[in-house]
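Structure record follows, encoded as structure tokens.
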Amino acid sequence: MSDESADASYRIEDLAHRSGATVRTIRAYQDRGLLPRPERRGRANVYTDTHLARLRQIAELLDRGYTLASIKELLEAWDAGRGLGGVLGLVAEVDGPWTDEEAVRISRAELDERFGGPPDEAAVAEAVELGVLERIPGEEDTFLVPSPQELAVAAELSAAGVPLSEITLHLRELRGQVEHIAARFLEFTTEHVFARRLGDHAQADADADEAAALVRRLRPLARQTVDAELARAMRLFAHRELRRRLGAAGPRQDTETTCTVTVPASTMAAVRGLVGAEHAAEFFALAAEREVRARALDRLSTSGAHAGDVDELR
């Protein structure tokens, strides 16, 4: 993967929202030398992902029981390349951005326009709950969008006629599946890559530095694998669905005719309850085909057994 793209830019209010710290706390950390001063761009003070990562490091060390004075010493050692620098560097690498996307701001009016309809407070609340939108303190009509691509997909699906409630339901389901993939990939890399270098605890800065370099190399691998497998699966299932919609479930159906079969109402109701009314005909066809194949296999195996008996008699 190429070098990390330029850091995202934040105002102090946005940085506070993303880090969980208050504006007053951020300024206090700056005054104590725990946090670098922001960059000055024109008349604005601008913070970057470096500041965000540092705030998260401070919060983590506070949770472990370190005092602010001790944290300052650790961070100064890290900045000077001494002591626990490798470990903190690894933490910074893991906490850094895992995507090239940059968060953007969107007004409520722009949001309503993109989704082409009257304001939907329930949909906005659900989007905030899912993290698709983030509220900005002090700005009721403006949101932060962590993933513009994700919002763009939702807008396209909405324009295609998919209800917002179905989009959010699908996102919840998808997120659970993706988190499972991420957990499995992490277990896999931890077992076969990081365990050999770090064990349960980092023993030296060199080990942690090597692990941090590995994080940079491994970051794109999971995404590339998922992209490739998703493309394969989408091609397979889209082709299958198109054939089903066009009434060509298999190559033989082009020349075969259909016939009507009487089925007891109770049986039909049970099948509809099992697979849905739209799949009932397909269910009966597949079940019948499976039975035909099973009987054909039985005949073949029986004839094979008889042939073996004849050979033994000879």
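Readers should treat all values here as calculations from the given coordinates under stated rules, not as data from a laboratory. This is a predicted model, so every value here is computed, not measured. Cβ atoms come from the backbone with ideal geometry, glycine included; neighbour counts cover every protein chain shown.
Could you work out how much longer the chain between residue 296 and residue 270 gets when fully extended? Use 0.36 nm per residue separation minus the Cα distance between them, nm to one decimal. Show your work: numbers first, answer last.
Numbers: separation 26, 0.36 × 26 = 9.36 nm, distance 2.76 nm.
Going from the current span to full extension adds 6.6 nm.
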Inset, instruction - Report, by chain and number, residues whose modeled amide H sits under 5 Å from the one on residue 133, excluding near sequence neighbours (fewer than 5 apart, same chain). - result: 128
Legend entry - Net charge contributed by nearby residues that have their C-beta within less than 13 Å of residue 272 (K/R +1, D/E -1): -2
Inset, instruction - For residue 230 paired with residue 191, estimate the spin-label separation in nm (one decimal), with each label point 7 Å from Cα along the Cα-to-Cβ line. - result: 2.5 nm
Inset, instruction - Just name one of 42, 52, 66: the one whose Cα is farthest towards the positive end of the charge dipole of region 18-80 (beta-carbon charges, Lys/Arg +1, Asp/Glu -1). - result: 42
Legend entry - Backbone HN-Hα couplings from phi across region 22-27 [Karplus 6.51/-1.76/1.60, Hz, Gly and Pro as x]: 8, 4, 5, 5, 4, 5
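What does the charge count near residue 148 come to, summing +1 for each Lys or Arg and -1 for each Asp or Glu among other residues with Cβ under 10 Å from its Cβ? Working shown, then result.
Details: positive: none; negative: 101, 102, 150.
With Lys, Arg at +1 and Asp, Glu at -1, the neighbours total -3.
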Legend entry - Relative contact order [Cα under 8 Å, 6+ residues apart], region 16-64, whole percent: 30 percent
